[in-house]
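To start, the structure itself, in structure tokens.
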Amino acid sequence: MAKIHFVRHGRTILNEQRRTQGAADSPLTAEGRRGTEVCRDFLAEAPLTRAYLSPQGRVQETAGILLAPHPDIVPVNLVGLREYNYGIYDGGPDEEMLAALPTAGFLPEVISGTHPGAPGGISAVDYLSDIDGALSRIIADLRAAVGAGRDDDEEEVLVVSHGMTLMTLLGRWIGVEIFSMAPMANCSVTTVELDPDRPREPTLVSWAVDPGDQGVTFPSRDLRPAFEGVALVPIDLSRPEGP
């Protein structure tokens with residue numbers, strides 16, 4: 001079984017200021033770098049074979065720290081690992097965004113592909129398509145490695161992305177039960193195992209392990225009831241991102 005470690009980026013200035021990040025960006029804080037270094041040490045012994053990153057600055061900074069023990073890995077940037085674009089709410093107070101896009105209504109609409117997007121932002125349909133392209137690329141690369149003669153249990157992948165994007169990806173891939181679990185702290189690690197030839201049957205190994213004790217900077221609650229009766233858009237693995 002191949003293994004994928006999904007890591008949320010380290011804590012940033014906008015995180016600490018309780019401002020919506022999305023397509024906006026900001027560097028890691030001193031505490032964010034400390035938490036990332038603890039996460040680096042937590043993953044240091046993992047025999048990573050490849051890495052995939054959001055192209056946004058906070059993920060690039062995080063990954064630069066996480067990959068220090070793995071200098072031979074050349075990471076791949078994937079557009080589909082970017083954070084959700086909150087449009088006019090990016091960079092503004094979290095309270096303003098949450099008042100306009102209450103999580104219990106907004107998140108199910110995104111994951112079911114029905115939300116039109118915030119003004120100036122991205123539609124749910126386009127956002128899910130981007131995410132699916134990124135996951136498809138990762139799985140296609142795993143299949144290619146196995147086809148070239150590697151054992152699938154030799155493949156261990158690092159994916160560094162963002163909270164909303166990781167929750168959206170994993171909620172559709174693992175199941176909506178994740179929305180009743182602990183929230184994803186900055187630099188938390190969620191690990192999944194899969195057979196690259198049977199990618200629709202992943203196994204959740206661990207959820208949102210927080211080695212740096214970073215916690216979260218946003219209000220959280222059990223959102224599973226919000227998904228009752230919601231039809232999620234199936235993951236499309238037919239169009240991998242990139243060459």
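Descriptive notes on the structure:
- Checked against (1) in contact (Cβ under 8 Å) with a residue 40 or more places away in the chain; (2) closer than 25 Å to residue 37 by Cα; (3) in contact with a Pro (Cβ under 9 Å, 6 or more places away or on another chain), residue 216 passes all but condition (1).
- Hits in region 114-147 (condition: surrounded by fewer than 17 Cβ atoms within 10 Å (Cβ to Cβ) and more than 24 Å from residue 50 (Cβ to Cβ)): 114, 116, 119, 120, 123, 125, 126
- Looking at region 151-210, the strands (runs of 3 or more DSSP E) lying wholly inside it that each contain 1 or more residues that are of a type in the set (Val, Ile, Thr), within 16 Å of the chain's Cα centre (by Cα) and surrounded by 22 or more Cβ atoms within 10 Å (Cβ to Cβ) sit at 156-161, 189-194.
- Residues being part of a helix (DSSP H, G or I), open to solvent by less than 50 Å² (accessible area, probe 1.4 Å) and of a type outside the set (Gly, Ala, Ser) - total across region 211-243: 1
The values are calculated or read from the model by the stated rules, or taken from the named source; none is laboratory data. A quick note: this is a predicted structure, and the numbers were derived from the prediction, not measured. Because the Cβ atoms are built from the backbone with ideal geometry, glycine has one as well, and the counts that use them run over all protein chains shown. The area values use the complete protein model at the heavy-atom level, side chains included, leaving out ligands, DNA and RNA. Shrake-Rupley method; radii C 1.70, N 1.55, O 1.52, S 1.80 Å.
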